[in-house]
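Inspection log for the structure reproduced underneath, given as structure tokens.
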Amino acid sequence: MKILEKEKELEELNREIADKFFKPAKSDWLPGNFIPTFCKHQYRVMFIGQQPSKEFEKNPHKRFLGNYNVTGKDTMFKNQLIKTKLAGSYITDLVKRIGQAGEELKEKEIKKFIYYLKKEIKIINPSILVVMSDKVRKYLENSDISSEYKIIQISHPNSRGSVYKKWDREFRLL
């Protein structure tokens, strides 16, 4: 599949998700994106979080920049992507709805969105899926996705403690 076709499919998928689940309040969700947006898109690695942060609601002007600059750790994550030549990678979430920090996801909600995550993965067709949550890793490892893709877990940008040293090691493994 050609790159422009992939991007068109992702755009259509994001429109489908917004229309099905988030009408009329489309500010309640955050679609997948290539981070940082100013870099050439690449498809080798796909990052998957649990769900978009409530911080995006507080900073809507930054949300639409798509450069993952909402918190200082988000900016450091973006810089780590650039440093390790993974800039332009696709980043998305298991659940597309913006949620509270530490909110426990319900199985019903995960099932509602897993279909769309699988479609995103199929379109991107990465070599590696990088998850940033134990819950996402466990869910993907117990699904048919694990038989088709290599899954690696790294520390989440907003995890407690000094994540930067961990990232140097984790990103080198990618």
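Annotations for the structure displayed:
- Scanning the range 121-152 for residues that are under 19 Å from Gly88 (Cα atoms) and among the polar types (S, T, N, Q) yields a count of 2.
- Options Thr71, Thr84, Thr92; residue that is at pLDDT below 85 and β-branched (Val, Ile, Thr): Thr71
- Restricting the search to helices (runs of 4 or more DSSP H) fully inside the range 106-153 and requiring at least 3 residues that are under 21 Å from Leu173 (Cβ atoms) and in contact with a strand residue (DSSP E or B) (Cβ under 7 Å, 6 or more places away or on another chain) gives 134-141.
- Filtered residues of the range 29-61 (kept if surrounded by fewer than 17 Cβ atoms within 10 Å (Cβ to Cβ) and at pLDDT below 85): Thr37, Phe38, Lys54, Glu55, Glu57, Lys58, Asn59, Pro60, His61
- Residues of the range 105-129 that turn out to be loosely packed, with under 13 Cβ neighbours inside 10 Å and closer than 14 Å to Ile151 by Cβ, as a count: 1
- Restricting the range 97-118 to residues that are touching a Leu at 6+ places or on another chain (Cβ under 9 Å), modelled with pLDDT under 85 and of a type outside the set (A, V, I, L, M) leaves a set whose member that is nearest to Ser143 (Cα to Cα) is Arg97.
- Taking each residue of the range 139-154 that is touching a residue at least 60 places away in the same chain (Cβ under 8 Å) and under 17 Å from Glu120 (Cα atoms) and looking for partners that are among the hydrophobic types (A, V, I, L, M, F, W, C) and part of a strand (DSSP E or B) with beta-carbon atoms closer than 6 Å, six or more apart or interchain, yields Leu140/Ile151.
The values are calculated or read from the model by the stated rules, or taken from the named source; none is laboratory data. What you are looking at is a predicted structure, and each value in this text was computed from that prediction instead of being measured. For neighbour counting, all protein chains shown are included, and Cβ atoms are generated from backbone atoms with ideal geometry for every residue, glycine included.
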